[in-house]
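Enquirer: Supplied in structure tokens, the structure appears directly below.
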Amino acid sequence: MSGTFNSYSLILLVLHFLQCATMPPVLPNLQMLHPEIFNGHCGLDNLELFRNLPPLPACELNRNTVGELLIAFFDYYAKFDFVNKAISINRGCVFNRSDLTTSSRRFKVFIEEPFDHENTARCVTRVESAKYIKQVFIAARNAFLGANAGAPLLRLIDVH
């Protein structure tokens, strides 16, 4: 099916999930912790790839297994309201699509690029494509959980 996610959008979905949809978060939001470094204004020629960063603040470790996180990832997006909500890695949040410019609302899914704030899911312009994406997340979750989809297992791993 055409009009679905590219690999970059999928990576941003994973980052958003690991930063915002798990308790405690698996990944910190470096743009929020170090805005002076991760501001998107540094040209690629000047980018320090192996820069030492200050230590991360102490935080609780997420103890979920990779398998639990994978199921929770599929469940999170199976339930995600792509019609009314958008994803921001930069701000580390979900926000209302009504906050977008009118021209951006024509996209059926909005995943904000962390540096230029454009939509990385610009290919998803048809309702059918958005429905297909949602069905794939539901099918992936159900493949793991079978008849137990949405059952107590998801509460055990603290899915939000």
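Enquirer: Going by what's in this entry, would PHE50 be described as of a type in the set (A, V, I, L, M, F, W, C), assigned to a loop (DSSP other than H, G, I, E, B) and under 29 Å from VAL136 (Cβ atoms)?
Expert: no
Enquirer: Next up: Of all residues in the range 1-14, which are among the aromatic types (Phe, Trp, Tyr) and either within 13 Å of TYR77 (Cβ to Cβ) or not in a helix (DSSP H, G or I) (or both)?
Expert: PHE5
Enquirer: Which pairs have Cβ atoms under 8 Å, sit 6 or more apart or on different chains, and link a residue in the range 72-94 that is without any contact (Cβ under 8 Å) to a residue 24 or more places away in the chain to one that is in a helix (DSSP H, G or I) and polar (S, T, N, Q)?
Expert: ASN84/SER98
Enquirer: Among the listed residues ASN90, ASN39, identify the single one that is assigned to a loop (DSSP other than H, G, I, E, B), of a type in the set (S, T, N, Q) and farther than 26 Å from SER129 by Cα.
Expert: The match here is ASN39.
Enquirer: Sticking with this one: Part of a loop (DSSP other than H, G, I, E, B), among the hydroxyl-bearing types (Ser, Thr, Tyr), closer than 15 Å to THR4 by Cα and at pLDDT below 95 - does that describe any residue in the range 125-143?
Expert: yes
Enquirer: Of the residues in the range 38-96, how many are over 14 Å from PHE17 (Cβ atoms), among the aliphatic types (A, V, I, L, M) and modelled with pLDDT of 85 or more?
Expert: Total satisfying the criteria: 4.
Enquirer: For the range 78-99, give me each residue that is among the basic types (Lys, Arg) and within 12 Å of the chain's Cα centre (by Cα).
Expert: Within the range 78-99, LYS85, ARG91 meet the criteria.
Enquirer: PHE73: of a type outside the set (Asp, Glu) and surrounded by 17 or more Cβ atoms within 10 Å (Cβ to Cβ), yes or no?
Expert: yes
Enquirer: Just to check your reading of the model, which residue among SER104, SER98 is free of Cβ contacts under 8 Å to residues at least 24 places away in the same chain, over 21 Å from THR4 (Cβ atoms), part of a helix (DSSP H, G or I) and not hydrophobic (A, V, I, L, M, F, W, C)?
Expert: After applying the criteria, what remains is SER98.
Enquirer: Tell me which residues, restricted to the range 3-42, are farther than 17 Å from ALA86 by Cβ, surrounded by fewer than 15 Cβ atoms within 10 Å (Cβ to Cβ) and hydroxyl-bearing (Ser, Thr, Tyr).
Expert: Once the filter is applied, which keeps residues that are farther than 17 Å from ALA86 by Cβ, surrounded by fewer than 15 Cβ atoms within 10 Å (Cβ to Cβ) and hydroxyl-bearing (Ser, Thr, Tyr), the range 3-42 yields only SER7.
Enquirer: Let me ask something additional. So is SER104 surrounded by 12 or more Cβ atoms within 10 Å (Cβ to Cβ) and either at positive phi or not aromatic (Phe, Trp, Tyr) (or both) or not?
Expert: Working: surrounded by 12 or more Cβ atoms within 10 Å (Cβ to Cβ): yes; either at positive phi or not aromatic (Phe, Trp, Tyr) (or both): yes.
Considered against the rule, which asks whether it is surrounded by 12 or more Cβ atoms within 10 Å (Cβ to Cβ) and either at positive phi or not aromatic (Phe, Trp, Tyr) (or both), SER104 comes out as yes.
Enquirer: Where the second residue is charged (D, E, K, R) and the first is part of a loop (DSSP other than H, G, I, E, B) and lies in the range 15-27, which pairs have Cβ atoms under 7 Å and are six or more apart or on separate chains?
Expert: That search, which allows pairs on different chains as well, returns MET23/ASP158; PRO24/GLU60.
The values are calculated or read from the model by the stated rules, or taken from the named source; none is laboratory data. Because the structure is a prediction, the values reported are computed rather than measured. Reconstructed Cβ throughout: ideal geometry from the backbone, glycine too, with neighbour counts over all protein chains shown.
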